[in-house]
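Participant: I'd like to ask you about the structure that follows.
What follows draws every value from the coordinates through simple rules; no lab data is involved. The structure displayed is predicted, hence computed values, not measured ones. Don't worry about glycine lacking a Cβ; one is built from the backbone with ideal geometry, like all the others, and counts go over all protein chains shown.
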Protein chains: 2
Amino acid sequence: MSEIGRPRSQAAHDAVLKAALRLVTKRGFRSVSVNEIAAEAGVGKMTLYRHWPNKAALVMDALLVLIGSETDFPEAGSAIESLRQQLDLQAAFFRSSRGNLIRSLVAEAQSDPELAIAFRERWVNPRREGVHQIMRAAVAEGSLRSDIDIDTAIDLLYGSLYYRLLLGAGALDERFVDTIYDQFLEGHGASAQALDKVRARR
Amino acid sequence: MSEIGRPRSQAAHDAVLKAALRLVTKRGFRSVSVNEIAAEAGVGKMTLYRHWPNKAALVMDALLVLIGSETDFPEAGSAIESLRQQLDLQAAFFRSSRGNLIRSLVAEAQSDPELAIAFRERWVNPRREGVHQIMRAAVAEGSLRSDIDIDTAIDLLYGSLYYRLLLGAGALDERFVDTIYDQFLEGHGASAQALDKVRARR
DNA sequence: ATGGATTCGATACCTTCGGTATCGTTAGGG
DNA sequence: CCCTAACGATACCGAAGGTATCGAATCCAT
């Protein structure tokens with residue numbers, strides 16, 4: 001297990017990640033060049049390409065390493081409350097400069113199959129799994145109806161957030177989160193299930 | 001009022017639109033070059049740029065002119081049935097090679113503000129307006145609860161379709177449409193409203 | 001310590017692509 | 001019939017992602 005030659009510089013690695021995050025969140029993926037990122041990091045272009053195979057992989061890493069935890073589930077008194085707070089958090093995340101990063105990566109992924117897979121497996125799926133868990137807990141605590149189709153529910157709730165982020169179809173404010181959350185509970189809250197039983201009894 | 005000089009060739013115009021549609025639906029926006037489109041159309045590059053200011057505007061036009069009507073609302077016995085059929089139609093549209101075109105334009109719009117505006121105003125908004133009308137009709141015929149927030153309902157339903165199209169998070173098949181439609185009616189169908197009244201009476 | 005292997009930052013370079021400029025040629029309205 | 005603008009073709013420009021190569025620096029193994 002040879003460790004021959006000069007070792008990789010962790011400082012350079014970190015500086016490039018930070019520079020990439022700063023520039024891309026601010027101005028977007030396409031309008032930031034690799035030369036700029038290297039210059040901002042005070043690093044040679046070839047050093048950058050020794051650490052990442054291409055621009056997309058670098059920015060994807062910057063997202064995961066530097067701000068991946070910003071959408072973690074907050075602690076809350078109940079699962080359903082935690083879900084609600086995470087929806088707000090996700091909307092705030094999209095509304096902030098981080099939103100540019102997500103928009104950029106989704107856009108780039110449309111013409112870069114490798115990036116598409118990486119984004120789905122390393123960003124989307126882990127977060128879906130988190131929502132999945134919390135929804136199962138919400139079912140267990142009796143806040144959501146037990147016959148809910150969780151995957152589709154996630155598509156509806158989080159799909160609408162991505163829709164507004166990418167299509168610019170409307171504000172990603174708390175009022176919007178309020179509304180989709182209310183509409184969601186209207187159909188999937190435990191009280192809706194109770195009402196179904198009323199209907200069934202008739 | 002002057003019509004001096006050689007007139008624009010409608011044949012060239014149409015050939016470029018057709019070539020752009022064919023190539024971009026097949027291979028995607030980024031991997032098709034303007035040179036290819038011009039060659040495929042049997043047209044000089046400068047002729048292309050005399051008819052459209054840039055590649056994005058051309059492809060946007062191809063979408064609207066050639067296949068804009070493919071997502072029109074089908075005739076159906078009731079408004080709610082028409083809504084359901086249009087959802088299926090939209091999913092089939094996204095699932096077909098047309099989906100590549102939409103994905104390409106949404107992606108490109110993330111770094112092209114003019115295209116973003118054009119796509120929203122010329123594609124998204126007109127179709128949202130169609131859904132809006134049909135949902136109002138569904139309320140009027142008693143198929144949807146009268147207190148529905150239509151704009152948010154559109155975000156939920158169609159947002160989830162765009163989400164699956166762009167994130168590749170799952171199949172856009174009829175089963176999926178079935179499920180989101182059922183979940184939608186669960187919360188917003190008129191019977192749900194009736195059940196609310198049962199709850200209120202207690 | 002010293003030498004070999006590898007990374008470092010810097011810079012020149014290659015290729016591709018969107019878009020422009022310029023040819024001589026062609027069509028048609030005044 | 002002729003003047004003007006569009007036509008197809010092609011050369012060109014600038015920006016950008018990625019590669020190649022440089023001498024210098026750094027660490028491990030001997």
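Participant: Quickly work out the B:ASP182-to-B:LYS18 label distance, labels modelled 7 Å from Cα along the C-beta direction, and quote it in nm with one decimal.
Facilitator: The answer from the label model is 4.5 nm.
Participant: On to the next question. Express the relative contact order of the stretch A:1-87 as a whole percentage, based on alpha carbon pairs under 8 Å and six or more residues apart in sequence.
Facilitator: 28
Participant: Taking every Cα atom in the stretch A:10-65, find the radius of gyration and the maximum pairwise distance Dmax, and write them in Å.
Facilitator: 9.6, 27
Participant: How much mean residue ellipticity at 222 nm does the protein assembly as shown get from its helices, if each DSSP H run of length 4 or more adds -39500 (n - 2.57) and you divide by all residues, to the nearest 500 deg cm²/dmol?
Facilitator: Values: 22 runs with 286 residues, N = 404.
Per the formula, -22500 deg cm²/dmol.
Participant: Shifting gears a bit: Taking each residue of A:101-107 in turn, how many C-beta atoms of other protein chains fall within 10 Å of its C-beta, and what is the average?
Facilitator: For peptide A:101-107, the averaged partner shielding equals 4.
Participant: Tell me, B:ASP147, A:ASP151, A:ASP61 in order of fewest to most beta-carbon neighbours within 10 Å?
Facilitator: Details: B:ASP147 9, A:ASP151 16, A:ASP61 20.
Lowest to highest Cβ neighbour count: B:ASP147, A:ASP151, A:ASP61.
Participant: For a test of the definition: using alpha carbon positions, the gyration tensor, and the 1.5 limit on a/c, classify the protein assembly as shown as rounded, prolate or oblate.
Facilitator: Verdict is oblate for the protein assembly as shown.
Participant: Same structure again: Grab the Cα-Cα distance for B:SER9 and B:SER96, subtract it from 0.36 nm times how many residues apart they are, and report the gain in nm with one decimal. Display every interim value, and only then the final one.
Facilitator: Numbers: separation 87, 0.36 × 87 = 31.32 nm, distance 3.13 nm.
Gain in length upon complete extension: 28.2 nm.
Participant: While we're on this one: Place a label point 7 angstrom from the Cα of B:SER146 along the Cα-to-Cβ direction, then list the residues of the stretch B:122-140 whose backbone nitrogen is under 18 Å away.
Facilitator: Counting only backbone N, you get B:135-140.
Participant: Still on this structure, I have one more. Rounded, prolate or oblate: which fits the stretch B:72-194 when a ≥ b ≥ c are the square roots of the eigenvalues of the alpha-carbon gyration tensor, with rounded for a/c under 1.5 and prolate only if a/b beats b/c?
Facilitator: The shape class here is prolate.
Participant: Moving on to the next point. If contacts are Cα pairs under 8 angstrom and at least 6 residues apart, what is the relative contact order of the stretch A:63-202 in percent?
Facilitator: On the way: 102 pairs, mean separation 37.4, N = 140.
Relative CO of the stretch A:63-202 lands at 27 percent.
Participant: Could I ask something else about it? Once the cut-off is 22 Å, how many percent of the Cα-Cα pairs in the stretch A:39-121 end up in the long-distance tail? Mind dumping the intermediate values first?
Facilitator: On the way: 1365 of 3403 pairs.
Considering the stretch A:39-121, 40 percent of its Cα-Cα pairs are separated by more than 22 Å.
Participant: While we're looking at this one, here's another question. In the protein assembly as shown, how many lysine pairs have Cα atoms under 26 Å apart, counting only pairs 8 or more places apart or on different chains?
Facilitator: Qualifying lysine pairs in the protein assembly as shown: 16.
Participant: Net charge near A:ARG127, counting Lys/Arg +1 and Asp/Glu -1 over other residues with Cβ under 14 Å of its Cβ?
Facilitator: Counting the neighbours of A:ARG127, the net charge comes to -2.
Participant: Once the Cβ-Cβ distance between B:GLU121 and A:SER33 is put in as r, and R0 is 35 Å, what FRET efficiency do you end up with, to the nearest 0.05?
Facilitator: 0.70
Participant: While we're on this one: Once you list every other residue whose beta carbon is under 10 Å from the beta carbon of B:LEU87, what net charge do they have if Lys and Arg are +1 and Asp and Glu are -1?
Facilitator: Spelling it out: positives minus negatives among the neighbours equals -2.
Participant: Further question on the same structure: What does the charge count near B:ARG164 come to, summing +1 for each Lys or Arg and -1 for each Asp or Glu among other residues with Cβ under 15 Å from its Cβ?
Facilitator: With Lys, Arg at +1 and Asp, Glu at -1, the net is -2.
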